[in-house]
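Visitor: Sharing a structure here in structure tokens format.
FYI, it's all coordinate maths here, none of it is from the lab. Nothing here was measured: the structure is a model prediction, and the numbers come from that model. Here the Cβ positions follow ideal geometry from the backbone for every residue, glycine too, while neighbour counts run over all protein chains shown.
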Amino acid sequence: MTTHMFTLVLDRQPTEDELDFLGAEGCDDAAFGVENGLPVVEFDREADTMADAIASAVHNLDAAGVIALRILDQDLVTLADIADRIGQSRESVRRYATGDRGPGNFPPPVIPAREGTVFYRWSEVAPWVRAHLKLDAPDTDPALVVANLVLQARRHRKHVAHIAALTDLLAA
């Protein structure tokens with residue numbers, strides 16, 4: 001087994017009773033706290049895969065009545081974040097993004113029409129950087145990206161008519 005480290009953002013700080021319950025359930029690999037004003041729990045969870053580690057942690061929290069909202073995965077990045085990660089200037093990266101520099105086909109922003117700060121997905125940018133700039137750009141673990149999508153879908157599932165039509169897409 002491998003130890004997988006990840007941080008979950010929670011809907012709220014757990015109560016003492018909930019913490020006691022989690023401790024009794026063997027959830028001794030978790031450290032609860034606050035990060036940038038958000039209630040979080042950091043896990044060092046042993047499991048075969050990251051997906052298994054995340055799923056078991058979320059199930060533990062569910063059993064205690066605490067809701068995991070998302071994972072802090074560092075996948076959403078700005079042009080400045082990308083520049084820092086690849087060791088280039090923000091202007092240089094902006095020019096890659098607009099196609100004024102480099103081979104083109106830079107991954108699109110998450111919300112293309114938004115004004116102001118624009119966000120990209122590192123999981124889409126990193127392969128482009130490796131392929132076109134020949135620079136080291138480690139991937140975001142895909143399990144973290146998918147887990148975030150699943151956690152978001154869990155929060156909204158009760159508000160979507162015939163959710164099975166969408167969940168069936170995962171099996172396709």
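Visitor: Does Pro142 satisfy the criteria of being over 15 Å from the mean Cα position of the chain (by Cα) and within 17 Å of Val77 (Cα to Cα)?
Guide: So Pro142 fails the test.
Visitor: Moving to a separate point now. In the list Gly87, Gly116, Gly102, which residue meets the criterion of being more than 30 Å from His59 (Cβ to Cβ), surrounded by 13 or more Cβ atoms within 10 Å (Cβ to Cβ) and of a type in the set (Gly, Ala, Ser)?
Guide: Only one candidate passes the filter, namely Gly102.
Visitor: Can you give me the number of residues within region 92-131 that are assigned to a loop (DSSP other than H, G, I, E, B) and more than 22 Å from the chain's Cα centre (by Cα)?
Guide: Within region 92-131, residues that are assigned to a loop (DSSP other than H, G, I, E, B) and more than 22 Å from the chain's Cα centre (by Cα) number 10.
Visitor: Starting from residues that are of a type in the set (Asp, Glu) and not in a loop (DSSP other than H, G, I, E, B), keep the ones in region 23-47 and report whichever is surrounded by the most Cβ atoms within 10 Å (Cβ to Cβ).
Guide: Glu42
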